[in-house]
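Read through the structure below, which is laid out as structure tokens, and then see the notes.
The values are calculated or read from the model by the stated rules, or taken from the named source; none is laboratory data. Please read all numbers here as calculations on a predicted model, not as lab measurements. A quick note on method: Cβ atoms are made from the backbone with ideal geometry, for glycine too, and the neighbour counts reach across all protein chains shown.
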Amino acid sequence: MASYKIDPSLPEPLFEQVAAAVRRAIADGEAHPGERLPLAKDLATVLGVNRNTVLRAIRVLRDEGLLEFRRGRGITVAGTPERGALQRKVHELLAFAREQGYRRDEIVKLIESAP
């Protein structure tokens, strides 16, 4: 990931740039499902950002389904960028359905009944 540059002058927040760099590393095959990510402090050093910035990016990627946290195993790559994209769409669907007044069980029934 040393080839990815984080640019503080860009309007995009640093944590989003870090998350994009990790996504790209996964997409480029630098990190495969099941592989451990370097420690946050090491990533921060390589990318030239604060450790907390890396941790925030890692939480975003966990929420997208790309990374998972496991006690004793650290942070591992859980999926592919495609899986992360699907996870984002699922979150968008759930948020939209909740705004429309649907409960979780109703959403599940709708999905199960879809062709």
Residues of the range 50-67 classified as crowded, with 16+ Cβ neighbours inside 10 Å and in contact with a strand residue (DSSP E or B) (Cβ under 8 Å, 6 or more places away or on another chain), total: 4
Can you say whether E106 is at pLDDT below 90 and not in a loop (DSSP other than H, G, I, E, B), as far as the supplied structure shows? no
For the list (1) at pLDDT below 90; (2) of a type outside the set (G, A, S); (3) out of contact with any helix residue (DSSP H, G or I) (no Cβ under 9 Å at 6 or more places or on another chain), I need the number of the one condition that T80 fails. (3)
Got a number for residues in the range 63-78 being within 11 Å of the chain's Cα centre (by Cα) and either polar (S, T, N, Q) or farther than 27 Å from E106 by Cβ (or both)? 5
Consider S113 against the criteria (1) hydroxyl-bearing (S, T, Y); (2) surrounded by fewer than 16 Cβ atoms within 10 Å (Cβ to Cβ); (3) closer than 29 Å to D7 by Cβ: it satisfies all of them except one. Which criterion is unmet? (3)
Restricting to the range 47-94, name every residue that is on the phi > 0 side of the Ramachandran plot and either among the hydrophobic types (A, V, I, L, M, F, W, C) or not in a strand (DSSP E or B) (or both). G48, G65, G72
With (1) farther than 30 Å from Y102 by Cβ; (2) at pLDDT below 95; (3) not charged (D, E, K, R) as the list, and V54 as the residue in question, which single condition is left unmet? (2)
